[in-house]
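Engineer: Have a look at this one.
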Amino acid sequence: QVQLEESGGGLVQAGGSLRLTCVVSGRTFNSFMMGWFRQAPGKEREFVAAITWNGGSTYYSDSVKGRFTISRDNAKNTVYLQMNSLKPEDTAVYYCNAAQATITGIRMDPGLFGSWGQGTQVTVSS
């Protein structure tokens with residue numbers, strides 16, 4: 001069963017914008033926190049942004065705060081990531097997944113989906 005489907009990535013010049021979309025299936029979408037994560041070649045996957053089940057609270061990594069905005073539409077089982085003022089350092093494959101808070105920060109919640117989707121490639125040129 002395909003539970004996570006990311007889309008919206010592409011090639012954009014520095015300073016440009018992209019809007020990523022994640023469609024979730026097989027879960028009660030409005031019952032858990034969702035997040036975006038990214039992984040650049042040769043680097044570890046890292047947390048980008050998260051949003052609580054009702055959209056009441058959002059969280060961002062320091063590197064994207066003020067530039068990215070996460071949102072969700074529970075009626076559509078969809079979470080979005082609006083990315084503005086993109087930088088070459090944002091180049092990575094972006095993934096969505098359930099998220100959870102830990103003592104060390106926000107990570108993927110292994111108890112929900114338990115695996116990653118295919119992600120969507122974002123490439124920002126200088």
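Engineer: Carbon and sulfur together cover what percent of the accessible area of the chain at a 1.4 Å probe radius?
Structural biologist: The computed percentage sits at 47.
Engineer: Mind checking which aspartates and glutamates have their C-alpha under 17 Å from Lys87, skipping anything on the same chain fewer than 8 residues away?
Structural biologist: Those aspartates and glutamates meeting the cut-off are Glu46, Asp62.
Engineer: So if I restrict to the alpha-carbon atoms in the chain, what is the Rg, and what is Dmax, the biggest pairwise distance, in Å?
Structural biologist: Cα-based Rg and Dmax for the chain come out at 13.5, 40 Å.
Engineer: Right, another one. For Ala99, which sequence-distant residues (separation of 5 or more, or a different chain) have an amide H within less than 5 Å of its own amide H, given hydrogens modelled in the peptide plane?
Structural biologist: Sorted by chain and number, the residues that satisfy this are Met33, Met34, Gly35, Asp109.
Engineer: Could you give each residue of the stretch 65-75 its phi-based ³J(HN,Hα) in whole Hz, using Karplus coefficients 6.51, -1.76, 1.60 with θ = phi - 60°, and x for Gly or Pro?
Structural biologist: Ordered by residue, 3J(HN,Hα) equals 4, x, 10, 9, 9, 9, 8, 8, 10, 5, 5 Hz.
Engineer: Can you list residues whose amide H is under 5 Å from Lys87's amide H, if they're 5+ apart or on another chain and H is modeled 1.01 Å from N?
Structural biologist: Placed amide hydrogens put Gly15 under 5 Å from Lys87.
Engineer: Dipole size in debye (nearest 20) for the chain around its Cα centre, Lys and Arg Cβ +1, Asp and Glu Cβ -1?
Structural biologist: Dipole magnitude for the chain comes out near 120 debye.
The values are calculated or read from the model by the stated rules, or taken from the named source; none is laboratory data. Small disclaimer: the values here were computed from a predicted structure and weren't measured. Using ideal geometry, Cβ is built from the backbone for each residue, glycine included, and neighbour counts are taken over all protein chains shown. Each accessible area value is taken on the protein alone, full model and side chains, heavy atoms only, with ligands, DNA and RNA left out. Shrake-Rupley method; radii C 1.70, N 1.55, O 1.52, S 1.80 Å.
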